[in-house]
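Quick notes on the structure that follows.
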Amino acid sequence: MKKIKVIKGDEIILRPLEEKDLEMVRTWRNQDHIRSCFINSEIISPEQQKAWYHAYCQREGDLMFIIEETIDLKKPVGTVSLYNIDPVNKSAEFGRLMIGELLANKKGLAFKASVLICNYGFETLGLEVIYLNVFKDNSRAINIYHKLGFIEDNCEISEEQGILHMVLLPSNFLCK
């Protein structure tokens, strides 16, 4: 089991993903409005989810958190991750951001979780860059990323795929 600490915020905590969370996360991930925002938008089977989790547990550079709302709902509501963590280049990919609980949508929890995990990446992990890929038509996510300080970077991603590559540097992070 990975040793990942809980990250505490005002209305949420980010706690490490556990095996008991797999079916809940799979159910969230398979919702049409969520999976259409992921590059791999296929329906995930229970077996695929378990196989992914066992591989995830072996990857040191992959940290996935459950977002728990602590004020009203007082339960897990989504996920967020830093992965492809490269300690040599001091970089990581941001992703797997979703609010799967319908009652938790449009409360700003995705933004709050993003602030916490980016701050964790810069302050605790010592990252110098956090990057992500997002579909150009995912305006809700892009708005969150701009509010954090991510800027568009046209390297690596082809225009025809409809994907933006965005980067966040500590100096651009607007939510310290």
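Summary table below
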{"quantity": "Condition broken by Glu60, with the remaining ones in (1) more than 15 Å from the chain's Cα centre (by Cα); (2) over 25 Å from Lys107 (Cα atoms); (3) modelled with pLDDT of 95 or more satisfied", "calculated": "(3)"}
{"quantity": "Odd one out for Asn84 among (1) touching a residue at least 24 places away in the same chain (Cβ under 8 Å); (2) of a type outside the set (Phe, Trp, Tyr); (3) part of a strand (DSSP E or B); (4) open to solvent by 30 Å² or more (accessible area, probe 1.4 Å)", "calculated": "(1)"}
{"quantity": "Yes/no for Ile71 being open to solvent by 80 Å² or more (accessible area, probe 1.4 Å), among the aliphatic types (A, V, I, L, M) and outside any helix (DSSP H, G or I)", "calculated": "yes"}
{"quantity": "Total residues in the stretch 16-25, condition part of a helix (DSSP H, G or I) and open to solvent by less than 40 Å² (accessible area, probe 1.4 Å)", "calculated": "3"}
{"quantity": "Options Asp32, Asp62; residue that is out of contact with any Gly (no Cβ under 8 Å at 6 or more places or on another chain), without any contact (Cβ under 8 Å) to a residue 40 or more places away in the chain, exposed (fewer than 10 other Cβ atoms within 10 Å of the Cβ) and of a type outside the set (Val, Ile, Thr)", "calculated": "Asp32"}
{"quantity": "Selected residue (only one of Ile13, Ile39 is under 30 Å from Val88 (Cα atoms), open to solvent by 80 Å² or more (accessible area, probe 1.4 Å) and outside any helix (DSSP H, G or I))", "calculated": "Ile39"}
{"quantity": "Among (1) touching a helix residue (DSSP H, G or I) at 6+ places or on another chain (Cβ under 6 Å); (2) part of a loop (DSSP other than H, G, I, E, B), the one test that Lys106 misses", "calculated": "(1)"}
{"quantity": "Test: residue in the stretch 159-170 that is touching a Lys or Arg at 6+ places or on another chain (Cβ under 8 Å), over 25 Å from Tyr56 (Cβ atoms) and in a loop (DSSP other than H, G, I, E, B)", "calculated": "yes"}
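The values are calculated or read from the model by the stated rules, or taken from the named source; none is laboratory data. The shown structure was predicted, so the numbers you read here are calculated from the model rather than taken from an experiment. For neighbour counting, all protein chains shown are included, and Cβ atoms are generated from backbone atoms with ideal geometry for every residue, glycine included. Surface accessibility is based on the protein's heavy atoms, side chains included, excluding ligands, DNA and RNA. Shrake-Rupley method; radii C 1.70, N 1.55, O 1.52, S 1.80 Å.
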